[in-house]
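A.B. asks: Below you will find the structure I want to go over with you.
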Amino acid sequence: MIKYPLVMGIVNVTPDSFSDGGRWLNANAAIEHGLRLIADGADILDIGGESTRPGAARVDAEEEMRRVIPVVRALAEGGARVSIDTMRATTAEAAIAAGASMINDVSAGQADARMARIAAETGVPFVAMHWRAHSDSMHAHTAYHDVAREVCDELAVRVEALVQAGVARKRIILDPGLGFAKRIEQNWEILNRLNVIVQFGLPLLVGASRKSFLGVLLPPDASLNERDALTATVSVLASQAGAWGVRVHNVQATVRALDVWAAWQSGGMGDVAVVES
Ligand code: PMM
């Protein structure tokens with residue numbers, strides 16, 4: 001049987017995320033969008049209320065919670081599996097109380113000293129992303145000798161810190177943090193050597209969706225939506241390389257690409273549902 005990677009659909013309840021800022025800022029629009037992503041085949045929804053695009057300033061915790069908690073509650077109550085994309089322990093705690101069952105912390109516990117304790121106490125899966133600095137200064141932290149190796153080594157340090165704080169190792173999911181303190185070519189180098197992180201032995205989440213390093217392959221006037229075909233291709237290649245999951249804006253494009261991958265892998269239709277025409 002072909003093991004599909006988990007497809008995490010992105011719901012950014014923010015005015016300023018780089019690809020969809022402002023589109024789902026209203027709670028009802030965000031909930032509707034989340035339901036659409038589930039209908040498109042998302043296994044989990046990643047709900048965030050603070051943009052981490054390069055250069056972004058931080059929002060305060062109250063505003064972040066005001067944005068995300070009603071959306072988390074409505075989607076979780078509706079039966080969706082929900083991940084909370086936050087660097088703040090208070091927001092993570094409130095989101096879990098509202099029904100979230102995963103924490104996605106782009107700082108892997110570095111931005112908030114209390115985050116590891118909340119992850120330990122709640123026992124939910126915890127995405128630890130490679131991160132060197134907040135978005136307003138991350139461009140100054142892109143010096144690497146061997147980016148794939150250093151990302152893996154720095155993630156290993158975070159895993160040890162989280163485990164020391166009581167987080168179960170088996171609950172940790174790694175993420176190379178594409179676009180975070182990485183220059184364009186460094187993202188491609190990481191993808192080219194994803195096996196270095198896969199070999200670490202923890203599940204790996206890949207978040208390439210619509211990021212600038214994909215945009216450089218398109219004509220300069222291409223829209224952000226045109227990056228979705230490239231994202232879907234990355235989803236397939238990441239799955240082939242052993243990724244556990246992919247985090248994407250356009251769930252439908254990725255699920256369809258993964259259907260092709262699964263049919264190819266199984267040498268037939270395998271478990272893929274066939275619609276007769
Ligand atoms: N990228 C963004 C936000 N959160 N979380 C994880 N785990 N991995 C990522 O690559 C990641 C993330 C920025 O993208 P967005 O603004 O489109 O959500």
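The values are calculated or read from the model by the stated rules, or taken from the named source; none is laboratory data. Just so it is clear, the model here is predicted, and its values are computed rather than measured. Note that we place each Cβ from the backbone using ideal geometry, even for glycine, and neighbour counts take in every protein chain shown. Ligands, DNA and RNA are stripped out before the accessible areas are found, and what is left, the full protein with its side chains, is counted by its heavy atoms. Shrake-Rupley method; radii C 1.70, N 1.55, O 1.52, S 1.80 Å.
A.B. asks: In whole Hz, what ³J(HN,Hα) sequence does the stretch 149-156 give by Karplus (6.51, -1.76, 1.60; θ = phi - 60°), x for Gly and Pro?
C.D. replies: Result, ordered by residue: 5, 5, 4, 5, 5, 5, 5, 4 Hz.
A.B. asks: Sticking with this one: Given labels modelled 7 Å from the Cα in the Cβ direction, how far is it in nm from residue 53 to residue 241?
C.D. replies: Modelled inter-label distance: 2.5 nm.
A.B. asks: Same structure again: Enter the accessible area of residue 180 (Å², nearest 10), with the probe set to 1.4 Å and all protein chains included.
C.D. replies: 20
A.B. asks: Which residue, 143, 165, 56, tops the fluctuation ranking in a GNM of the chain built on C-alpha contacts under 10 Å?
C.D. replies: Its mean-square fluctuation being the largest, the pick is 143.
A.B. asks: At what distance in angstrom do the alpha carbon centres of the stretch 159-236 and the stretch 68-112 lie from each other?
C.D. replies: Value for the Cα centre distance between the two parts: 20 Å.
A.B. asks: Taking R0 as 41 Å, what FRET efficiency do you get between residue 170 and residue 36 from their Cβ-Cβ distance, rounded to the nearest 0.05?
C.D. replies: 0.80
A.B. asks: If I compute solvent accessible area with a 1.4 Å probe over the protein chains, what percent of it on the stretch 7-150 is carbon and sulfur? It would help to have the intermediate numbers written out before the result.
C.D. replies: Working: 2730 of 5600 Å².
That fraction is 49 percent.
A.B. asks: For the chain, what is the calculated [θ] at 222 nm in deg cm²/dmol (nearest 500), taking -39500 (n - 2.57) for each run of four or more DSSP H residues and dividing by its residue count?
C.D. replies: Helices in the chain give a 222 nm mean residue ellipticity of -12500 deg cm²/dmol.
A.B. asks: Mind checking the per residue accessible area of the chain for me, 1.4 Å probe, whole number of Å²?
C.D. replies: About 44 Å² of surface per residue is accessible.
A.B. asks: How many nm separate the modelled label positions at residue 200 and residue 28, each set 7 Å beyond the Cα in the direction of the Cβ?
C.D. replies: Going from the residue 200 label point to the residue 28 one covers 4.3 nm.
A.B. asks: Add +1 for every Lys or Arg and -1 for every Asp or Glu among the other residues with Cβ under 9 Å from the Cβ of residue 179, and state the total.
C.D. replies: +3
A.B. asks: With the Cα gyration tensor of the stretch 50-179 giving a ≥ b ≥ c as the square roots of its eigenvalues, does the rule (a/c under 1.5 for rounded; else a/b larger than b/c for prolate; else oblate) give rounded, prolate or oblate?
C.D. replies: Verdict is oblate for the stretch 50-179.
A.B. asks: Using R₀ = 22 Å, calculate the FRET efficiency as 1/(1 + (r/R₀)^6) where r is the Cβ-Cβ separation of residue 226 and residue 3; round to 0.05.
C.D. replies: 0.15
A.B. asks: If you take every residue apart from residue 252 with its C-beta less than 12 Å away from the C-beta of residue 252, what net charge results, scoring Lys and Arg +1 and Asp and Glu -1?
C.D. replies: -1
A.B. asks: Same structure, new question: Full extension from residue 233 to residue 90: what is 0.36 nm times the residue separation minus their Cα-Cα distance, to one decimal in nm?
C.D. replies: Numbers: separation 143, 0.36 × 143 = 51.48 nm, distance 3.60 nm.
Roughly 47.9 nm would be gained on extension.
A.B. asks: A further question follows. Pick from 62, 150, 50 the residue whose mean-square fluctuation is largest in a GNM of the chain, springs joining Cα atoms under 10 Å.
C.D. replies: Among 62, 150, 50, the largest mean-square fluctuation in the Gaussian network model of the chain belongs to 62.
A.B. asks: Here is a further query. Stretched out fully, how many nm does the piece from residue 218 to residue 184 gain, at 0.36 nm a residue minus the Cα gap?
C.D. replies: Extra length from residue 218 to residue 184 when fully extended: 10.9 nm.
A.B. asks: Compare the peptides 127-137, 220-230 by average per-residue count of other Cβ atoms within 10 angstrom and give them in order, highest first. Before the final figure, lay out the partial values.
C.D. replies: Working: 127-137: 20.3, 220-230: 14.5.
Result, highest mean first: 127-137, 220-230.
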